[in-house]
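The values are calculated or read from the model by the stated rules, or taken from the named source; none is laboratory data. Because the structure is a prediction, the values reported are computed rather than measured. Glycine also receives a Cβ, built like all others from the backbone with ideal geometry; neighbour counts cover every protein chain displayed. Heads up: the accessible areas ignore ligands, DNA and RNA and are worked out on the full protein's heavy atoms, side chains in. Shrake-Rupley method; radii C 1.70, N 1.55, O 1.52, S 1.80 Å.
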Amino acid sequence: MSALTDKPAVLVARRAPEAVLQRLQASFEVDYHDGELPLPPAELQARLHGKAGAYITGTERITAALLDACPALRVVCTMSVGYNHIDLAACTARGVLVTNTPDVLTESTADFGFALLMATARRMSEGERLLRDGGWKSWAWDFLAGSEVHGTTLGILGMGRIGQAIARRGHFGFGMPVIYHNRSRLPVDTEAELGARYVSKETLLREADHLVLVLPYSAEAHHCIAAPELALMKPTATLVNVARGGIVDEDALALALRERRIAAAGLDVFEGEPRVNPALLTLPNVVLTPHIASATLPTRRAMAGLAADNLIAALTGGKPPTPLNPEVLSA
Ligand code: DGY
């Protein structure tokens, strides 16, 4: 509780839509960081000290050490579906509830994943750069000729909600046979609806014409696409990553792209973002975007609203809609 009011004190660690901020201010004593850049870790910890709730995004790291320094913290609400920036086990062990924002971003993230696949396969960024640089001299039969999309094999690594939404676009929109690999296999009727076939990771790598990475990031997923995996892919294949940068070994990818061992890549996420591996920046056959797969205003408003719903429910005796460690609620 704040010393001045009987409202719980919370930190809103990043800019939020005005309407969402007003809702939070109605329920809480809000310490608001509205800067363009994330708070440095030490300042994040200092400002979280004594707060009951944290309203964060994927750019704030919640570690065991931070939790130990902020014993009043009861809930961490991230405005993201991914939660690899939060030590979930450490939160659960300390009775801190964690929530994320699934579902509301599924379709717009899938739209973007498919757009990135198209832009990569059809060399759109390369074409635009060439045009702007005055390099467009004439028509030629093979001028900026890219890879086919319709009717080719769409591979998906990580068949959760977003993976399934991308599969649906490929299957219904582009007549693509879909193959996928996932920790667990989908129910047979879902596979039939998506026209999707479960395969081993090795078969996925060997057979996909376009491979989209949509799996959650974890220690197990770290660099799970590295030189040996890239070596299995077709030389004509494209690789698209809308999940987390750390899934791909970027040095190995840059080498494979430079040596044309795969045709092209589309990357929305990077291991050290916002820093981008310099080797990628020099390559023509990679489309690079700054982690914007969920960035439409309606979707971002929905994510911000859902994170606020979670925070308000968690600290006012309600039922948070999307908890990641609901066992904390029943403990
Ligand atoms: C997510 O929601 O996880 C997106 O990657 C934005 O951080």
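For this structure, a couple of remarks:
- Unique match (being surrounded by fewer than 18 Cβ atoms within 10 Å (Cβ to Cβ) and touching a residue at least 24 places away in the same chain (Cβ under 8 Å)) among Thr57, Thr63: Thr63
- Residue within segment 194-204 that is surrounded by fewer than 16 Cβ atoms within 10 Å (Cβ to Cβ), without any contact (Cβ under 8 Å) to a residue 24 or more places away in the chain, over 21 Å from the mean Cα position of the chain (by Cα) and not in a loop (DSSP other than H, G, I, E, B) present: yes
- Being assigned by TED's automatic domain parsing to the domain that holds Val199, touching an Asp or Glu at 6+ places or on another chain (Cβ under 8 Å) and within 16 Å of the ligand (Cβ to nearest atom) is a condition met by at least one residue of segment 147-166.
- Leu281 vs. criteria outside the structural domain of Ser80 (by TED's automatic domain parsing) and out of contact with any Cys (no Cβ under 8 Å at 6 or more places or on another chain): yes
- Here Asp34 fulfils each of the conditions (1) under 23 Å from Lys7 (Cα atoms); (2) of a type outside the set (S, T, N, Q); (3) open to solvent by less than 10 Å² (accessible area, probe 1.4 Å) apart from (3).
- Inside segment 259-282, residues that are surrounded by fewer than 15 Cβ atoms within 10 Å (Cβ to Cβ) and at negative phi make up a count of 7.
- Segment 293-305 residues that are over 17 Å from Val269 (Cα atoms) and modelled with pLDDT under 95, paired with ones that are within 8 Å of the ligand (Cβ to nearest atom) and open to solvent by less than 60 Å² (accessible area, probe 1.4 Å) (beta carbon under 8 Å, 6 or more apart): none
- Apart from one condition, Pro274 fits all of (1) within 16 Å of the ligand (Cβ to nearest atom); (2) free of Cβ contacts under 8 Å to residues at least 12 places away in the same chain; (3) closer than 29 Å to Asp87 by Cβ; the exception is (2).
- Some residue of segment 219-239 being under 18 Å from Leu154 (Cβ atoms), within 16 Å of the ligand (Cβ to nearest atom) and either buried (at least 17 other Cβ atoms within 10 Å of the Cβ) or assigned by TED's automatic domain parsing to the domain that holds Ser80 (or both): no
- Flag for Glu271 being part of a loop (DSSP other than H, G, I, E, B), in the same structural domain as Gly155 (by TED's automatic domain parsing) and more than 23 Å from Asp111 (Cα to Cα): no
- Subset tally (residues that are open to solvent by less than 40 Å² (accessible area, probe 1.4 Å) and in a helix (DSSP H, G or I)) for segment 165-193: 6
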